[in-house]
Structure formats: structure tokens, C-alpha cells
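Please read through the structure below; I'll follow up with questions.
The values are calculated or read from the model by the stated rules, or taken from the named source; none is laboratory data. These figures come from a predicted structure and were not determined experimentally. Using ideal geometry, Cβ is built from the backbone for each residue, glycine included, and neighbour counts are taken over all protein chains shown. To get the accessible areas, we keep the full protein, side chains included, count just its heavy atoms, and leave off ligands, DNA and RNA. Shrake-Rupley method; radii C 1.70, N 1.55, O 1.52, S 1.80 Å.
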Amino acid sequence: MSPELADLLGLPASRGVATLEVEAGGPAAAGGLQPFDVITAAGGQNTPSIAALRRVVRGAEIGERLALTVLRHGRLHEMVVRVRELPSVVTR
């Protein structure tokens with residue numbers, strides 16, 4: 001997360017991955033994630049960037065339960081999401 005986004009969200013530092021949107025019915029929503037949550041760790045590994053978060057998720061098995069540490073309104077929360085296969089994305 002950029003320092004500017006951290007400032008906009010009122011966070012003390014630019015650490016973690018901000019969830020700006022959460023798809024209804026998706027694994028993030030089912031796990032309890034909300035817009036503007038900041039994922040600071042996944043699977044016991046720090047996630048200072050979207051690339052780090054993607055590495056953890058890609059390393060997990062489909063159906064695996066993945067523990068997340070999430071910063072919400074200045075407090076840390078522990079959540080669990082079930083890893084699902086992403087639908088194919090068409091790019092033009």
C-alpha cells in the first residue's frame with residue numbers, strides 16, 4: 001500500500017494490502033473481509049505488497065483454509081478464508 005493510501009485510510013504506516021472492494025459471494029466476503037480492511041499477513045507470512053499476498057495464495061491448495069491477519073479500524077483481527085480457484089479473466 002502506498003503512503004498516500006495509508007494516510008487516506010488513517011493508518012500509521014504503509015504496511016499490508018488494502019481491500020478496496022470485496023466481491024459478494026467470493027472467498028474474501030465469506031471469510032469476513034470488508035472494504036478497506038488491510039491484510040498484513042497470510043498463512044503466517046507478512047504481506048507488505050500485493051505480490052507477497054499473491055505468492056502466499058498461489059502456494060495454497062484449492063480448498064485450503066488460509067489464516068489472515070487483518071487491520072480494521074486500527075485493530076488487528078484474525079480471519080480464515082477458503083482458497084478457491086479464480087475464474088478465467090479475459091483481457092483485450
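Quote the accessible area belonging to LEU71 in square angstrom, nearest 10, computed with a 1.4 Å probe and with ligands, DNA and RNA left uncounted.
Number for this one is 10 Å².
For the pair ARG75 and GLU23, how long in nm is the line joining their label points, each one 7 Å along Cα→Cβ?
3.0 nm
So what does GLU78 come to for accessible area, using a 1.4 Å probe and Å² rounded to 10?
Counting only protein heavy atoms, the figure is 140 Å².
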